[in-house]
1. How many residues does region B:72-90 hold that are assigned to a helix (DSSP H, G or I), exposed (fewer than 14 other Cβ atoms within 10 Å of the Cβ) and within 8 Å of chain A (Cβ to nearest Cβ)?
2. Scan region A:4-31 and report the pairs whose first residue is closer than 16 Å to B:Asp90 by Cα and whose second residue is part of a strand (DSSP E or B), with Cβ atoms within less than 7 Å and a gap of 6+ or a chain change.
3. From the set of residues in region A:48-58 that are assigned to a helix (DSSP H, G or I) and either at pLDDT 95 or above or among the basic types (Lys, Arg) (or both), which is surrounded by the most Cβ atoms within 10 Å (Cβ to Cβ)?
4. Might you let me know whether region A:52-71 holds any residue that is of a type in the set (Lys, Arg), within 11 Å of chain B (Cβ to nearest Cβ) and under 29 Å from B:Pro17 (Cβ atoms)?
5. Looking at this structure, is B:Glu93 under 20 Å from A:Leu14 (Cα atoms), in contact with a Ser or Thr (Cβ under 9 Å, 6 or more places away or on another chain) and either assigned to a helix (DSSP H, G or I) or modelled with pLDDT under 95 (or both)?
6. Identify the single condition in (1) open to solvent by less than 30 Å² (accessible area, probe 1.4 Å); (2) within 14 Å of chain B (Cβ to nearest Cβ); (3) out of contact with any Asp or Glu (no Cβ under 6 Å at 6 or more places or on another chain) that A:Ala15 does not satisfy, given that it satisfies every other one.
7. Tell me whether region B:59-67 contains one or more residues that are touching a helix residue (DSSP H, G or I) at 6+ places or on another chain (Cβ under 6 Å) and either of a type outside the set (Val, Ile, Thr) or modelled with pLDDT under 95 (or both).
There are 2 protein chains.
Amino acid sequence: MNTAERLDAVFLALADPTRRAMLARLATGEASVTELARPFDMSQPAVSKHLKVLERAGLIVAGRDAQRRPRRIEPKPLAEASAWLERYRDMWEESFQRLDGLLEKLQRPAVPERRPRSRRKADR
Amino acid sequence: MNTAERLDAVFLALADPTRRAMLARLATGEASVTELARPFDMSQPAVSKHLKVLERAGLIVAGRDAQRRPRRIEPKPLAEASAWLERYRDMWEESFQRLDGLLEKLQRPAVPERRPRSRRKADR
């Protein structure tokens, strides 16, 4: 898998609330498939399908214990996804600053604005 | 759309190299559909479909110019996706540190390790 394919797989894996919840659970420690399935009202095949999507993206790996095969989170692909998003940080920070500026303007008491001198001169 | 649905839509929109390339193009300034389609060897309906996925995720909006309807990027949903990923930053940073530690160990010249005093006592 090249970088683009890895990003495809990671973003696709994250595009589902069950899979995001499974990752959140695994962030607290490894868990067997049964433990991972417990909070979800979902068939075993549906759970396995979600786990496969997470595995394909490299976001989880199965442990060596033959019985339990506990899954653990593998955070590196999340770092790659985050690095991709970081390129846009300047854009969203600017956009939030513009919004802050607008809100500040709207909250200011409505007093008539004094026109700058140069403008008055130009009007004559 | 609630937060989970918005995250679903944003991560799904990002799970495609064409859509990521379209966002990268729009990060340099607004563009018409024709301009956006130009670098891709793709039918008009395929391009429209990608734009719809981006629009549904709130990642692009269409401008008011009736003729061109230029698309521009709307970075706020990217900030939300980034904030979700940030929760895992500690995990991937720890994992990189472990890897750094391991690499350092491997690169160290192979001299026999001195066993600590307390350990020696315990061995007797």
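1. Taking region B:72-90 and keeping what is assigned to a helix (DSSP H, G or I), we get B:76-86, B:89-90.
Of the ones still in play, those that are also exposed (fewer than 14 other Cβ atoms within 10 Å of the Cβ) are B:83, B:86, B:89-90.
If we keep only those that are within 8 Å of chain A (Cβ to nearest Cβ) too, we end up with B:86, B:89.
Of the residues in that region, 2 qualify.
2. A:Leu23/A:Ile73; A:Arg25/A:Ala31; A:Leu26/A:Ile60; A:Leu26/A:Arg71; A:Leu26/A:Arg72; A:Leu26/A:Ile73; A:Ala27/A:Ile73
3. Taking region A:48-58 first, the residues assigned to a helix (DSSP H, G or I) are A:48-56.
When the remaining residues are screened for being either at pLDDT 95 or above or among the basic types (Lys, Arg) (or both), the result is A:49-56.
Values: A:Lys49: 13, A:His50: 20, A:Leu51: 19, A:Lys52: 12, A:Val53: 20, A:Leu54: 27, A:Glu55: 16, A:Arg56: 14.
Out of the qualifying residues, it is A:Leu54.
4. Initially, region A:52-71 is screened for residues of a type in the set (Lys, Arg), giving A:52, A:56, A:64, A:68-69, A:71.
Those left that are additionally within 11 Å of chain B (Cβ to nearest Cβ): none.
So far as region A:52-71 goes, no, none of its residues is of a type in the set (Lys, Arg), within 11 Å of chain B (Cβ to nearest Cβ) and under 29 Å from B:Pro17 (Cβ atoms).
5. On the way: under 20 Å from A:Leu14 (Cα atoms): yes; in contact with a Ser or Thr (Cβ under 9 Å, 6 or more places away or on another chain): no; either assigned to a helix (DSSP H, G or I) or modelled with pLDDT under 95 (or both): yes.
It is false that B:Glu93 is under 20 Å from A:Leu14 (Cα atoms), in contact with a Ser or Thr (Cβ under 9 Å, 6 or more places away or on another chain) and either assigned to a helix (DSSP H, G or I) or modelled with pLDDT under 95 (or both).
6. Failing condition for A:Ala15: (3).
7. We begin by selecting, within region B:59-67, every residue touching a helix residue (DSSP H, G or I) at 6+ places or on another chain (Cβ under 6 Å); these are B:59-60.
When the remaining residues are screened for being either of a type outside the set (Val, Ile, Thr) or modelled with pLDDT under 95 (or both), the result is B:59.
Scanning region B:59-67 turns up at least one residue that is touching a helix residue (DSSP H, G or I) at 6+ places or on another chain (Cβ under 6 Å) and either of a type outside the set (Val, Ile, Thr) or modelled with pLDDT under 95 (or both).
The values are calculated or read from the model by the stated rules, or taken from the named source; none is laboratory data. Note that the structure is predicted; figures quoted are calculated from it, not measured. Backbone-built Cβ (ideal geometry, glycine too); neighbour counts: all protein chains shown. We work out accessible area using only protein heavy atoms, side chains counted, and drop any ligands, DNA or RNA first. Shrake-Rupley method; radii C 1.70, N 1.55, O 1.52, S 1.80 Å.
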